[in-house]
Amino acid sequence: MTSGIGAGEPAPLKGGIAIDAKKETPQNRYNRAHTVSVAIRLMKNTEQDIITKLDSVPNKAGYIKQLIRQDIAGH
């Protein structure tokens, strides 16, 4: 049986603080306060046309945002 961190056991404590806890970086604080992450999962066998198109554009996020803004403006 495996033991240690990642095997369902809590991290060892030093003075009541987990010693493997990572400090939050300024970038992480900024991202949490100012951004939202959105992900989609595409099926290779039924949505290959979408995958191919996204692979052909240099900026996937920009392309998707542009399409959404065009949709919003058209309605």
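The values are calculated or read from the model by the stated rules, or taken from the named source; none is laboratory data. Keep in mind the model is a prediction, meaning the values are calculated, not measured. Here the Cβ positions follow ideal geometry from the backbone for every residue, glycine too, while neighbour counts run over all protein chains shown.
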Can you tell me which residue within region 53-75, out of those that are part of a helix (DSSP H, G or I) and in contact with a helix residue (DSSP H, G or I) (Cβ under 6 Å, 6 or more places away or on another chain), is surrounded by the most Cβ atoms within 10 Å (Cβ to Cβ)?
54
Which ones in region 22-49 are surrounded by 10 or more Cβ atoms within 10 Å (Cβ to Cβ) and either at pLDDT below 95 or over 17 Å from the mean Cα position of the chain (by Cα) (or both)?
47, 48
